[in-house]
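Accompanying notes for the structure given below.
No lab work stands behind these numbers, since they all come straight from the coordinates. Not measured: the values here are computed from a predicted model. For neighbour counting, all protein chains shown are included, and Cβ atoms are generated from backbone atoms with ideal geometry for every residue, glycine included.
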Amino acid sequence: MVERIGVYVCHCGTNIARTVDCKNVADYARSLPNVVVARDYQYACSDPGQEMIKNDIRELGLTRVVVASCSPLMHEPTFRRAVADAGLNPFLFQMANIREQCSWITEDREMATERAKASVAAAVMRVTFHESLEIKKVPVNPDVLVVGGGITGIEGALQIADSGKKVYLVEKEPSIGGFMARFDKTFPTLDCAACILTPKMVSVGQHPNIELLTYSDVVNFSGYVGNFTAQIRKRPRYVDEEKCTGCGQCEQKCPLSVPSEFECGLGKRKAIYRPFPQAVPGTPVIDREHCLYFTKGACKVCVKFCPRGAIDFEQKEKLIDVQVGSTIVATGFDIFDASRVKEYGYGRLPNVITSLEFERLTHASGPTAGKILLKNGQAPESVAIIHCVGSRDHNYNEYCSRVCCMYSLKTAHLVREKTDARVYEFYIDMRAFGKGYEEFYKRLLEEDVIFVRGRVAEVTDVAQSPSEKGKLVVVAEDTLLGIVRRVPVDLVILSVGLEPRKDIVEVARTFSISRSKDGFFLEKHPKLAPVSTAADGIFIAGACQGPKDIPDSVAQGAAAAANVLSLIDRKEVELEPTIAIIDGESCSGCRICPGLCPYHAINFDEERKVAVVTAALCKGCGVCVAACPSGAIEQQNFTNRQLLAEVEAICA
Amino acid sequence: MQARAEFSYYPGCSVEGMNKAYDKSTRLVCKALDIDLAELGDWNCCGATSYMSIDELRAHLLSARNLALAEKEKKDLVVVCPACLTTLTKTNRYMAENSRLRRTIGSALKAANLQYWGSVKVRHLLEVIVNEVGEHEIKARIKRSLSGLKVAPYYGCQLTRPFGGIDDKEFPMMLDRLLTWLGVQPVNFPLKAKCCGGMLMMTNEEVALGLTRNLLECAKQNGAECIATICPLCHMNLEAYQGNVNKLFGTDFSVPILYFTQLTGVAFGFSRKALGINEELIPSQALLEKHLEVLR
């Protein structure tokens, strides 16, 4: 059958017409093979423009359509829809970009017109070989997986669960709550972190739509948008969650104390423990590494005292498969390891602590019951807070950790509130960008905190004068005065930055999420798709994407939930048909393509000894097509015939 | 260390003059450790830090000539002076990163029938001994015990900075480890990578003496009986100017200063004379005798 092609050359107002002689291009198009009609038009994308194309299809019996206008990213969907409205398969359409790639990049009218002609010719030759393709739809499983039970994951899970959808919330620690559960007060409002967090934690624990899987992690995640399978490893707590009432008898009676991770090692916990009293779930875990029963084979004090017989040393690790349609990865951050900055003496000088340790010191239920004390039990008379530890530093992380300036101000406030100490803040730049943040900074300036602008060179216990004896001396260049200062203090608090989780590489691999240069997860678009990833149905939220404070983390948790709900309410998703197809007859079974596919969309069929594409996973990137030594793979709408025709026309 | 390690040896100007003992002890210790040090023939000034700050290009040229000579030998270049290490490494790096400089230097070298492709690695002897030779080989050669001797490990400013890559830049530990292997006790020495006063001793002696005083005081306070050095200039400032420190500050320091190679040599059983220990200004004989104990 001879194709009947219609060509439409758009002026785009003056955007194209200024440098391209559109009428000339349309005249030229009419001379191309199979072209039945060619018109130039002011705005092809306008309603009358689209109507013109539709009319031509109906009245002239067009079988193929070419529009020469802007980038396909802009209006390909518009024209495909118009073509489909007129009864033609939307893939029997081709767009030639004569704006971004032609009229906008030159002033030379003649050259631009020639270039536009070549593009139109290429599109006409290509479209001749286009085939009708069918858009498949797959249903979306309304269940959702949320990974990470910090404030971000909690917010996301609650939003989704409240709308009546089922959520699996996976947390690797024994309790949800994340870093926020360890903080004392939050900036800039100074409300107590626990007071605003615990009600949300309780809601998660009691929510009928949330299945909480703590002490667990996701070991495998496969499938495609709307239809994922997550394999979750639930580590044994050695305490039966059904029987345990969380009475705490076992914790009290357990004879073995070890340093508590939750308290940064400043306080103790038992071998059977909840990280903190408000833990959700309230069921304790037995730390197998230390528990006397597991290490020495004897003790069982907890068994004796548990009124419900909930202790179960025989519990085993469980692997649970759950089916979900989408996921939110909210795995958070790690704090920078301050001992890497040797000149600040963390780990060497006893009264140099991290800001997280300070949170525990000042927390009412922390190891000192909220008293800010030195290692010798005395109150400090002077305190230095050092900003940007591990941040904005070529030796460690180049980026700004965003939260340290503000939490340092909060730290200063708490020290001033609770002690008589003089407080020095050593900062590079003060970054108080959020709502109420600058006001908070101003408030601190009025609280007699001494701000020194300059990066600290070192913290030393080597005194150079009698006033420095027995003190920690903070050495810094005061860049406002242009002098080197030596400030003797009793306590140094290092405001450590935020880093990607240690295991982010494995998590990224499990969920096929890319990472940016700084190591954090990469969003689909930094401005317009901040919680989406390159993979449909997989969302990221919170500090796993980059340092974030609590308000931003909560906003992202909710944003990711909105994305998930929008996906669920669509009920089904369309799968792009421009995917790779493997011709089983030609496939030699060399297995090159499965390893190359960035979306894990190609499997090897052991029985037939050929590679097979999972249509729903394929993104149509074309890597396998180019790599196949047998030429057995072809990508729909990018077939060899189509591409060669296009190239031939351009080169003609 | 399996095979005998071979290196070109760049002594540098200071060990030919003021610091002969460093050179002597270096050669002895390396021989004992089966490190073949072949002195680089016809070497010249490294381009030194002072030269570098006045005429950078010419300093690079001096430095590059040494590198070109070393490349002919197809061996890594070992230095004992951290200033030489810094200067030679600087030229090496700049030539690798800056093609214009590479061409300029290249054409200058050509005039002397030399060329440099950038293959030479410049290493400090301490790093070679700690990283390449290692604990096992060191311990196997110990003949005399110095146990109980408390030593302040002093690295000075230039071993790890500015280029780094061999130890922590601000708080190195290599010398601490070596001393432990030798059976002596490195004391806590927080000023281990701080400035000795360097060239300021010539231009602003009072400031330099203050810095030297800080080092001596810190070593003493932490119980050190002597200071181990790895740099000829640090060594000289600490030793030759101790009297001036005492005069200026009214102190009474009498702290022996020993090269790390001398301490290693003593433990390996070499005579004090062979190690140049009889040449120092602040005698260490009594101190060493107090702790020495023949093992085998």
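Details
- Between 0 and 90 degrees, the angle of helix A:640-651 with respect to the longest Cα principal axis of chain A falls at about 70 degrees.
- Were the residues from residue A:572 through residue A:465 laid out at 0.36 nm apart, the gain over their Cα-Cα distance would be 31.1 nm.
- Residue order for A:108, A:287, fewest other beta carbons within 10 angstrom first, comes to A:108, A:287.
- Angle between chain A longest axis and helix A:109-128 axis [Cα atoms, degrees, rounded to 10]: 90 degrees
- Built amide H within the under 5 Å cut-off of residue A:68, gap 5+: A:8, A:9, A:10, A:96
- Secondary-structure-derived ellipticity at 222 nm for the protein assembly as shown, considering helices only, amounts to -10000 deg cm²/dmol, per-run term -39500 (n - 2.57) for DSSP H runs with n ≥ 4.
- Paramagnetic label zone (point 7 Å from Cα along Cα-to-C-beta, residue A:189; backbone N under 16 Å) in the range A:410-443: A:434-440
- Farthest towards the positive end of the charge dipole of chain A, among the residues A:391, A:290, A:302, is the Cα of A:302, using unit charges on the Cβ of Lys, Arg, Asp and Glu.
- Two-site label geometry, residue B:45 and residue A:202: point separation in nm, points 7 Å out along Cα→Cβ: 7.9 nm
- FRET efficiency for residue A:607 and residue A:438, using Cβ-Cβ distance with R0 set to 60 Å, rounded to 0.05: 0.35
- Remark: spin-label model distance residue A:253-residue B:147 equals 5.0 nm, labels positioned 7 Å along the Cα→Cβ axis.
- Within the range B:142-294, percent of DSSP bridges classed antiparallel, to nearest 5: 20 percent
- Annotation: amide H of residue B:9 within the under-5 Å range of B:38, B:39, B:40, B:78, sequence separation 5 or more or interchain, hydrogens built in the peptide plane.
- Cα centroids of the range A:571-641 and the range B:40-89: 58 Å apart.
- In range of the label at residue A:288: residues from the range A:171-189 whose backbone nitrogen is under 15 Å from the point 7 Å along Cα→Cβ: A:174
- Extension gain, residue A:31 back to residue A:627 (0.36 nm per residue minus Cα-Cα distance, nm): 210.8 nm
- Rounded FRET efficiency, nearest 0.05, which uses the C-beta distance separating residue B:168 from residue A:374 and R0 of 25 Å: 0.40
- The order of A:176, A:196, A:57, going from fewest to most other C-beta atoms within 10 Å of their C-beta, is A:196, A:57, A:176.
- Summarising the strand pairing of the protein assembly as shown, around 45 percent of its internal DSSP beta bridges are antiparallel.
- Fully extended contour minus Cα-Cα distance, from residue B:73 to residue B:252, at 0.36 nm per residue: 59.6 nm
- Exposure proxy ranking, count of Cβ atoms within 10 Å, fewest first, for B:212, A:510: A:510, B:212
- Estimated FRET transfer efficiency when R0 is 35 angstrom, pair residue A:23-residue A:586 (beta carbons, to 0.05): 0.15
- Degrees, to the nearest 10: A:47-60 long Cα axis against longest axis of chain A: 40 degrees
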